[in-house]
Amino acid sequence: MRITEARVIVCSPGRNFVTLKIVTEDGVSGVGDATLNGRELAVAAYLREHVVPVLIGRDARNIEDMWQYLYKGAYWRRGPVTMSAVAAVDTALWDILGKVAGVPVYRLLGGRSREGVTVYGHASGSTSDALLSEISHYVRLGYRAVRVQSGVPGLPSVYGVSEGRAYEPASAAVPVESVWDTDRYLDHLPRVFADVRAEFGPGLKLLHDVHHRLTPIEAARLGKSLEPYALTWLEDPVPAELQEGFRLIRQHTTTPLAVGEVFNSIWDCRQLITEQLVDYIRATVVHAGGITHLRRIFDLAAIYHVRSGSHGATDLSPVCMAAALHVDVAIPNFGLQEYMPHSAETDAVFPHGYRFEGGYLHPGEVPGLGVDIDEELAGSYPYRAASLPVSRLTDGTLHSW
Ligand code: GCO
Ligand code: MG
């Protein structure tokens, strides 16, 4: 089954996405997400210049060999740009294989391990009332888990607090600069979760994302202060390059830790997993080398009692979400799947079969991944430069993101 064509489609239905469509001699095609928030054109160029030319003529069924060829053959291994490009090829080939086999991809991954994929939504608010109201919205929709992000008194804005607007972190072409104050944040957050637990009781799973902004001892202090509120996870407490830095957090708190949306290979999290320094690994299909590599990460995690908790913000396209759901429904050590519904214009460009029902997402039963891209409609949404913001301390110091 030779690959005869591969197209890289950059579009912006509300936000930027990069999609790879691979077409075989039999006319069967598959899609892969290659979106890297704020660096989309880097991945598009990597695909167009260095990947598409070597795909033509290769057998679309040899998924593992293709992965090894693109990973080892590049010489310059790993990195978010490279691995997002590898992921897009890998995902598209799994899509094609499912279509050729006539089954949804999860059947090729060992079949269904659960009825549905438990998801969590994003609630945020700069005041307690606004936040509690947003959480109520998700509870009414049937969500069993909610990520809680709050404004901080004295800070003009806090990343991830969208005030009821659609969550879109990448705004201006040149990064917006926001001010961060760790002391104010550490002082305020326990009160936020005290209010939330008082309002919603013990049954609702609560999560919080620190977005890498603390030092290990600050994260230890935060984890300890939140123990009375029994979070399901505290996410990205510190920058994760220093994997052993998590030992210090672990020594002080039982609050579970989730890390990994910025990881792009098993090497980024090997120590975190094998030393059980985290409880959930957040890597996902588009940034961690596709379905083939993500399965390896989750299989290693399963040995060490670490569960999945894949990233699923709206800056990952419906193609990634569809692929993630096939992995989520099949693996034995599934934890949670992040789910931020895309906008109507995004969904129109990416018709898909997955659906939300009773707090679960379901991947659907059509052969392949059950998602596609309407290339003509995509063409009506041209790319527009947008970058993630940067964070500075009150004295102007450029701070961890
Ligand atoms: C998450 C992420 C988002 C990021 C975004 C970056 O947990 O969903 O941390 O909050 O801001 O995905 O592109
Ligand atoms: Mg996050």
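Assorted remarks:
- For the options Leu97, Leu248, Leu226, a Gaussian network treatment of the chain with springs between C-alpha atoms closer than 10 Å singles out Leu248 as fluctuating the most.
- Cα-based helix-to-principal-axis angle, 182-200 vs the chain, degrees rounded to 10: 90
- With the charge dipole of segment 108-365 set up from +1 on Lys and Arg Cβ and -1 on Asp and Glu Cβ about the Cα centre, the Cα lying farthest toward the positive end among the listed residues Ala322, Thr182, Ser126 is that of Ala322.
- Packing here is the average count of other Cβ atoms within 10 Å per residue, and on that basis the peptides 192-203, 267-278, 73-84, 320-331, highest first, run 320-331, 267-278, 73-84, 192-203.
- Helix 128-141 axis versus longest C-alpha principal axis of the chain: approximately 40°, rounded to the nearest ten.
- Neighbour net charge for Ala323 - beta-carbon separation under 12 angstrom, K R +1, D E -1: -3
- Å² per residue, accessible surface of segment 108-365 at 1.4 Å: 37
- The chain: angle of helix 80-101 to the longest principal axis, Cα-based, in degrees nearest 10: 60
- Neighbourhood charge, 15 Å Cβ-Cβ cut-off, centred on Asp372 and excluding it, Lys, Arg +1 and Asp, Glu -1: -3
- Sulfur and carbon atoms: percent of accessible area, segment 71-138 [1.4 Å]: 52
- Whole-number D in µm²/s for the chain (Stokes-Einstein; Kirkwood sum over Cα pairs; 10 °C, 1.306 mPa s): 74
The values are calculated or read from the model by the stated rules, or taken from the named source; none is laboratory data. Just so we're clear, the structure is a prediction, and the values are computed from it rather than from any experiment. Please note: Cβ atoms are built from the backbone with ideal geometry, for glycine as well, and neighbour counts cover all protein chains shown. For the accessible areas, the whole protein counts, side chains as well, though only heavy atoms, and no ligand, DNA or RNA atoms are used. Shrake-Rupley method; radii C 1.70, N 1.55, O 1.52, S 1.80 Å.
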